[in-house]
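Single-structure report; data block below.
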Amino acid sequence: MSFRRIEDAPSNKTALVRVDFNVPMADGKVSDDTRLRAALPTIHALQAKNCKIALLAHFDRPKGKRVPEMSLKPVAEPLGRLLGAPVGFAGDCVGDEASAAIQALPAGGVILLENTRFHAGEEKNDAELAKQMAALGAFYVNDAFSAAHRAHASTEGVAHLLPAYAGKQMERELDALNAALGNPKRPVLGIVGGAKVSTKLDLLQNLIAKLDRLAIGGGMANTFLFAQGHDIGASLAEKDMADTARAIMKAAEGKCKLLLPVDVVVATEVKPGVAARIVGLDAVGAEDKILDAGPETLRRLIAAINDSATLIWNGPLGVFEAPPFDKATVAAAKHAAALAKAGKLVAVAGGGDTVAALNHAGVTDDMTFVSTAGGAFLEWMEGKPLPGVEALKHG
Ligand code: 3PG
């Protein structure tokens with residue numbers, strides 16, 4: 001299976017490029033430009049080929065209607081600043097306005113087209129809308145790995161109507177994810193945290209089949225501890241998932257070593273200045289909430305990281321937003337990042353909370369790769385084919 005890459009794309013033509021500019025905004029301004037910066041290598045590569053560049057993207061969930069607050073217009077200016085040249089904006093992603101704006105572009109010029117989700121056909125992967133999009137360019141580039149789990153007109157449909165290429169960010173994501181889970185250096189350790197087992201069931205099942213060790217943290221670890229018969233007091237847990245947790249533990253036997261907390265940090269409330277205690281699993285009080293992994297659990301996790309060649313991480317180990325319950329997450333992240341920086345570990349992380357946790361630990365830049373994707377990263381970790389990626393494959 002292979003992808004056409006930007007290097008193989010034609011010169012002096014119009015490239016229709018799907019990017020993910022679903023960026024955080026505050027007061028009508030882009031408040032985090034990570035996804036804008038992620039698109040720069042592809043734009044630069046196409047400019048070097050003298051192509052005109054028309055950017056297709058969605059923003060938020062306007063559900064097929066024109067919602068003025070969900071316009072992509074505020075993105076054009078900061079993107080232009082990053083590129084060092086103004087980026088034009090067209091008020092529609094198809095039709096005469098878009099086509100005239102593209103016509104007027106100089107070679108190497110960039111135009112951002114309005115939110116694809118203003119059209120009801122986008123999320124329905126409507127063939128007519130895809131055709132209208134395809135009419136705007138000579139070839140299509142998908143650089144939006146983080147939207148590739150959506151089979152929409154701009155991510156999937158249009159890829160079948162024009163010669164389709166993987167963009168640079170798409171390539172980086174796929175290479176990194178392949179190094180972490182597709183064809184990794186072993187042993188491979190996974191760290192999965194977050195609140196709920198129920199939302200990460202497919203992910204856990206896929207990971208126990210592929211990894212050598214899997215550390216489970218965060219709220220979901222409480223469900224596993226409860227399923228093992230421990231008293232978890234007033235901790236967040238999905239008690240109705242106990243059978244499922246036991247089935248996962250059974251399925252992992254002999255294949256993937258599960259690392260569950262052996263000690264925990266508890267408090268009766270999550271609030272600054274509250275008294276936090278480190279306790280063994282037999283000493284969680286009726287009023288206690290488990291809010292972080294304890295020091296012995298952390299010691300074992302660090303030993304497992306040291307013994308691994310590859311780490312794949314999704315989800316924090318505790319309530320990292322509320323120190324002191326960030327200790328285990330920060331310490332494990334710092335340790336993994338230092339090994340990755342020294343070239344001793346391939347450390348790949350992704351998923352909304354995870355990126356926030358790594359930023360909080362100040363180690364994002366030292367990891368081998370941090371995905372820009374949320375939902376797409378999770379679906380990929382679940383082993384599901386991503387329609388936007390599948391549509392780029394040849395032969
Ligand atoms: C994201 O922000 O994760 C992607 O852009 C997908 O957005 P969606 O969940 O609204 O499809």
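Each reported figure results from applying straightforward, stated rules to the coordinates on display, with no laboratory input. Model, not experiment: these values are computed from the prediction. Cβ: placed from backbone, ideal geometry, glycine included. Neighbour counts: every protein chain shown.
Taking the Cβ of Ala357 as the center, what net charge do the other residues with Cβ under 9 Å away carry, scoring Lys and Arg +1 and Asp and Glu -1?
Details: positive: none; negative: Glu321, Asp326, Asp353.
With Lys, Arg at +1 and Asp, Glu at -1, the net is -3.
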- Quick one: of Lys341/Lys384; Lys168/Lys255; Lys200/Lys341; Lys13/Lys185; Lys196/Lys257; Lys63/Lys250, which pairs are farther than 32 Å apart, Cα to Cα? Lys168/Lys255; Lys13/Lys185; Lys63/Lys250
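According to the square roots a ≥ b ≥ c of the eigenvalues of the Cα gyration tensor, what is the shape class of the stretch 184-381, taking rounded for a/c under 1.5, prolate for a/b larger than b/c otherwise, and oblate for the remainder? Before the final figure, lay out each step's value.
Numbers: a/c = 1.64, a/b = 1.23, b/c = 1.33.
Judged from the Cα gyration tensor, the stretch 184-381 comes out oblate (a/c at least 1.5, b/c at or above a/b).
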- Note on the structure: Taking alpha-carbon centroids only, the stretch 1-46 lies from the stretch 91-110 a number of Å equal to 16
- Could you run the Karplus curve 6.51 cos²θ - 1.76 cosθ + 1.60 with θ = phi - 60° over the stretch 18-31 and give me ³J(HN,Hα) per residue in whole Hz, x for Gly and Pro? 8, 10, 10, 10, 7, 9, x, 10, 9, 6, x, 10, 5, 9
- Paramagnetic label zone (point 7 Å from Cα along Cα-to-C-beta, Glu269; backbone N under 20 Å) in the stretch 285-316: 285-292
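For the stretch 140-264, just say rounded, prolate or oblate: build the C-alpha gyration tensor, square-root its eigenvalues into a ≥ b ≥ c, call rounded for a/c under 1.5, and beyond that prolate if a/b exceeds b/c, oblate if not. All intermediate terms of the calculation are to be shown ahead of the outcome.
Numbers: a/c = 3.06, a/b = 2.08, b/c = 1.47.
In terms of gyration-tensor shape, prolate.
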- Message: Please compute the modelled spin-label separation between Arg299 and Asp240, points set 7 Å along Cα→Cβ, answer in nm with one decimal.
- Response: 4.0
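How big is the charge dipole of the chain about its Cα centre, in debye rounded to the nearest 20, if each Lys and Arg gets +1 on its Cβ and each Asp and Glu gets -1 on its Cβ? Don't skip to the answer; put the middle values down first.
Working: 43 positive and 45 negative charges, 173 e Å.
Its charge dipole is roughly 840 debye.
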- Message: If I model a spin label at Lys255 and Lys65 as a point 7 Å from the Cα along the Cα→Cβ vector, what separation in nanometres do I get?
- Response: 4.6
- Query: For the residue pair Asp32 and Leu105, what label-to-label distance in nm results when each label sits 7 Å from Cα along the Cα-to-beta-carbon direction?
  - Reply: 2.8
- the chain: mean projected area of Cα convex hull, nm²: 20.2
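Order these by the 10 Å Cβ neighbour count, fewest first: Cys256, Cys93. Walk me through the intermediate numbers first.
Working: Cys256 20, Cys93 29.
So the residues, fewest neighbours to most, are Cys256, Cys93.
Does the stretch 237-336 come out rounded, prolate or oblate, given a ≥ b ≥ c as the square roots of the eigenvalues of its C-alpha gyration tensor, rounded meaning a/c under 1.5 and, failing that, prolate meaning a/b above b/c?
On the way: a/c = 2.00, a/b = 1.22, b/c = 1.64.
The shape class here is oblate.
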- Query: Hey, what do the phi angles of the stretch 35-44 turn into as Karplus ³J(HN,Hα) couplings, whole Hz, using 6.51/-1.76/1.60 and θ = phi - 60°, x for Gly and Pro?
  - Reply: 6, 5, 5, 4, 7, 4, x, 5, 4, 4
- Query: What Kirkwood hydrodynamic radius do you get for the stretch 1-58 when you take the inverse of the mean 1/r over all pairs of distinct Cα atoms, in Å?
  - Reply: 12.8
- Query: the stretch 283-333: which GluC sites (Glu not before Pro) are DSSP loop and have at most 12 other beta-carbon atoms within 10 angstrom?
  - Reply: Glu287
- Simple Cβ-charge dipole of the stretch 294-336, Lys/Arg +1 and Asp/Glu -1, about Cα centre, in debye nearest 20: 100
- Message: For a bin width of 5 Å, list the pair-distance distribution of the stretch 1-133 built from all Cα-Cα distances, rounded to whole %.
- Response: 2, 10, 20, 23, 20, 16, 7, 1, 0
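Among bridges DSSP assigns within the chain, what percent are antiparallel (round to 5)? Write out the running numbers ahead of the final one.
Numbers: 12 of 49 bridges.
Percent antiparallel among DSSP bridges in the chain is about 25.
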- Item | J(HN,Hα) series, the stretch 268-280, from Karplus relation 6.51 cos²θ - 1.76 cosθ + 1.60, nearest Hz, glycine and proline x | 8, 8, 9, 8, x, x, 5, 6, 9, 10, 9, 9, x
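If each residue of separation counts as 0.36 nm, what is the full-extension length gain between Arg81 and Gln228 once their alpha-carbon separation is subtracted? Write out the running numbers ahead of the final one.
Details: separation 147, 0.36 × 147 = 52.92 nm, distance 5.46 nm.
This chain segment gains 47.5 nm when fully extended.
Which number do you get for Rg(Cα) / (2.2 N^0.38 Å) in the stretch 92-207? Intermediate results must be reported in sequence, preceding the final value.
Working: Rg = 18.4 Å, N = 116, 2.2 N^0.38 = 13.4 Å.
This ratio for the stretch 92-207 stands at 1.37.
Based on the Cα atoms of the stretch 178-232, what semi-axes does the equivalent ellipsoid have, where each is the square root of 5 times one gyration tensor eigenvalue, given in whole Å with the largest first? Provide the component values of the computation, followed by the final result.
On the way: eigenvalues 115, 25, 15 Å².
Over the Cα atoms of the stretch 178-232, the ellipsoid semi-axes are 24, 11, 9 Å.
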- Message: What's the magnitude of the charge dipole for the stretch 259-395 around its Cα centre, counting Lys and Arg as +1 and Asp and Glu as -1 at the beta-carbon? Answer in Debye, nearest 20.
- Response: 360
